[in-house]
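Remarks on the structure that follows.
The values are calculated or read from the model by the stated rules, or taken from the named source; none is laboratory data. On a predicted model such as this, the values are computed, not experimentally measured, just so you know. Neighbour counts are summed over all protein chains in view; Cβ atoms, including those assigned to glycine, are modelled from backbone coordinates with ideal geometry.
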Amino acid sequence: MKLKILLYLGLILLCYGCSKSFLEEKPDADIVNPKTLADCRSLLENDGRLGIGLNFSFPSLGQLASDEYYYDQSTWQSTVFVQERNAYVWADDIYEGNPQIAEWNNCYYAIYICNVVLDVLKDIDLTVANKAEYNDIKGTALFFRAIWNFALAETFCLPYDKRTATNEMGIPLRYSPNIDQLLQRASLEQTYAAILDDLQQSLGLLQSITPSSFRNRPNLAAANGMLARIYLVMANYEQALKFANASDKAYRVLLDYNQLSREEDAVFDRNNAEVLFMSTQRGYLSTATGRLAPNTFVDSALIELYHPKDLRLEAFFTFNKARKANRKSLYASGLSTSNCFNGLATDEVLLILAECHARKGNLDEAKQLLENLFRNRFPKTDIPVVSFRNADDAVQQVLDERRKELLFRGMRWSDVRRLNVEGRNIHFKRKLVDKEYLLEPNSLKYAFLLPIQEIQFSSLIQNKR
């Protein structure tokens, strides 16, 4: 009964920013009072708030603030959400006093569900008959808790820097479904340690080595790939290389873009062969495809990075008569046209491998990886020759490929955060009519403000401005 009350109150507390109709719905009995492994699986995969399971509505504030797109003054002024309009120009307070911030609430709702599942599992006897399903559910809950905590850290914390992480503010780390706990922010070092620990535990529990046809479920290749992504963000290239290799060894597939119907609006199936794990960000006008937002354009500097023969130009974009580009739905095809894919795919794992090898001076390995990518992204008669002047040039070429390959996945914001920590001095600029906006490298604005409700209710320390 206590768990039933906690879960019901948790749904109310963590969802009061969502629609009234949701709050008026009577929760399913199994969801209110989960007892079995089937109930736990249902919580993880059939939750109604975030979509089909916990794979959807990840924070997209970083995508909104990135330089992958632009629009004109009238389009900017017509955006519905104040946080979208203000993130575009990196305003000090993007919420304008709004106490309910979906990017924060969605994360802690998902973490809450994970903690409920992990709590229920403690009361279920582990047997020979149920061991595989029990472990897979536990590994799935740990995997999801890790990636939602990572999403919070990437959105509401400054970039990880091992020199300062013990003194920087992280996030409140929740391990219990007890909604009465008022937790303070852990350090950034503690935050990343918790994320890595959950993912490491999941490696010993997840039952599937490779993705199944249902790519909403995590698997070992995805968990290793996610560890590689996070270690890359932490500039721990040895560990990033280790886990990227493990992911690549488990599952190595690249789509040949020569074989795709590149003229279609939806070129990619969301369960296409490259996807290791499917998840998407919360949708906005600025993250929408050209069909929905014809006046939201891909940044021209990004388009100019592509070779004229690059098949990604056809697969990723549509062009108007003025040669301005709109994005297609990319790897989130079949879902809402405003939701960007932020899951994990083999092309990202390949580029993590290439960057780590380039940084270690293993130029032959980095070259072979880029050649493999290009064989699947260019016509067979126009595959570019890969050559590096030195290790620094190799790293830069890989970083350019990340921009061209991983666009509209939240990777640009993440990459600029980490690259500026190492001193690459990347600026973001916007211009609306006669006013120019600038986001300086390592600005405090790379950590979005916490919702005012959390400052008032939980007395959390606010990010500086």
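Below are the figures for this structure:
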read-out	value
In region 96-122, residue nearest to residue 223 (Cα to Cα) [restricted to those that are exposed (fewer than 14 other Cβ atoms within 10 Å of the Cβ) and touching a residue at least 60 places away in the same chain (Cβ under 8 Å)]	100
Residue count for region 276-330, restricted to those that are acidic (Asp, Glu) and at pLDDT below 90	0
Selected residue [polar (S, T, N, Q) and touching an Asp or Glu at 6+ places or on another chain (Cβ under 6 Å)] from 140, 166, 127	166
Selection status of residue 171, at pLDDT 95 or above, more than 23 Å from residue 286 (Cα to Cα) and outside any loop (DSSP other than H, G, I, E, B)	no
All helices (runs of 4 or more DSSP H) inside region 368-465 with 3 or more residues being farther than 22 Å from residue 305 by Cα and either of a type outside the set (Val, Ile, Thr) or in contact with a Ser or Thr (Cβ under 6 Å, 6 or more places away or on another chain) (or both)	452-458
Pairs, first on the phi < 0 side of the Ramachandran plot in region 126-150, second assigned to a helix (DSSP H, G or I) and of a type in the set (Gly, Ala, Ser), C-beta under 7 Å, six or more apart	139/202; 142/202; 143/202; 143/223; 144/110; 148/110; 149/194
Qualifying residue in region 260-270 (condition: touching a His at 6+ places or on another chain (Cβ under 9 Å) and not basic (Lys, Arg))	no
Evaluation of residue 368 against (1) within 24 Å of residue 224 (Cβ to Cβ); (2) in contact (Cβ under 8 Å) with a residue 12 or more places away in the chain; (3) polar (S, T, N, Q); (4) surrounded by fewer than 18 Cβ atoms within 10 Å (Cβ to Cβ) (one fails), failing number	(2)
Residue match in region 176-186 (condition: in a loop (DSSP other than H, G, I, E, B), modelled with pLDDT of 95 or more, surrounded by 18 or more Cβ atoms within 10 Å (Cβ to Cβ) and of a type in the set (Lys, Arg))	yes
Neighbours by Cβ (under 8 Å, 6+ apart or cross-chain): first from region 408-428, without any contact (Cβ under 8 Å) to a residue 60 or more places away in the chain; second part of a loop (DSSP other than H, G, I, E, B)	419/426; 424/441; 425/441; 426/441; 427/440; 427/441
The listed residue being in the same structural domain as residue 394 (by TED's automatic domain parsing), free of Cβ contacts under 8 Å to residues at least 60 places away in the same chain and either in contact with a Phe, Trp or Tyr (Cβ under 9 Å, 6 or more places away or on another chain) or surrounded by 24 or more Cβ atoms within 10 Å (Cβ to Cβ) (or both), out of 344, 330, 363	363
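Residues are listed down the side, and each one gets a yes or a no for (1) in a helix (DSSP H, G or I); (2) among the hydrophobic types (A, V, I, L, M, F, W, C); (3) modelled with pLDDT of 90 or more:
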residue	(1), (2), (3)
40	yes, yes, yes
43	yes, yes, yes
51	no, no, no
56	no, yes, no
62	yes, no, yes
67	no, no, yes
